[in-house]
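Only one structure is covered here, and it is reproduced in the block below.
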Amino acid sequence: MLGSFSAREQLSGIAVPVELGMAKGWESKSVEEQQSEVREAHKPAKPPMTPAEIAQEQCRNGLELSRQRVMQQLQAACNPNHRNMLEKALADLDERLAKLG
């Protein structure tokens with residue numbers, strides 16, 4: 001049990017347990033997190049988007065979601081007419097996305 005006390009405490013006769021604390025790896029992870037937070041804080045902020053840019057971004061997001069849904073339906077479609085309609089819808093969505101840039 002003497003191993004859990006410091007040398008000074010063993011010599012003085014006062015039995016006070018040594019704080020074991022966390023493993024070294026845990027402390028270094030905390031330091032890494034703090035350093036990454038500092039780096040993130042020093043990155044230049046993006047300029048605010050104009051209402052037109054916000055509308056364009058929302059339109060793009062809507063088209064991308066529609067494209068994903070059409071792709072899922074296309075993978076499950078068995079009827080040739082339904083597949084043809086979905087392929088046309090996919091081509092239209094791709095064209096509209098290309099126009100947005």
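Please treat every number below as a calculation from the coordinates, not as lab data. Bear in mind the structure is a predicted one, so any value in this text is a computation, not a measurement. All Cβ positions, glycine included, derive from the backbone under ideal geometry; neighbour counts span all protein chains shown.
Using alpha carbons only, how many angstrom separate the centre of region 75-90 from the centre of region 43-61?
If you average the Cα positions of each part, the centres end up 33 Å apart.
For the pair C78 and K46, what calculated FRET efficiency results from E = 1/(1 + (r/R0)^6), where r is the Cβ-Cβ distance and R0 = 30 Å, to the nearest 0.05? Working shown, then result.
Working: r = 45 Å, r/R0 = 1.51.
It comes to 0.10.
By how many nm would the segment from D92 to N61 lengthen if fully extended, with 0.36 nm per residue of separation less the alpha-carbon distance? Don't skip to the end; give the middle numbers.
Numbers: separation 31, 0.36 × 31 = 11.16 nm, distance 1.53 nm.
So the chain would gain 9.6 nm between D92 and N61.
What whole-number value in cubic angstrom gives the convex hull volume per residue for the C-alpha atoms of region 51-100? Don't skip to the end; give the middle numbers.
Values: hull volume 2.5 nm³, N = 50.
Hull volume over Cα atoms, normalised by residue count, gives 49 Å³.
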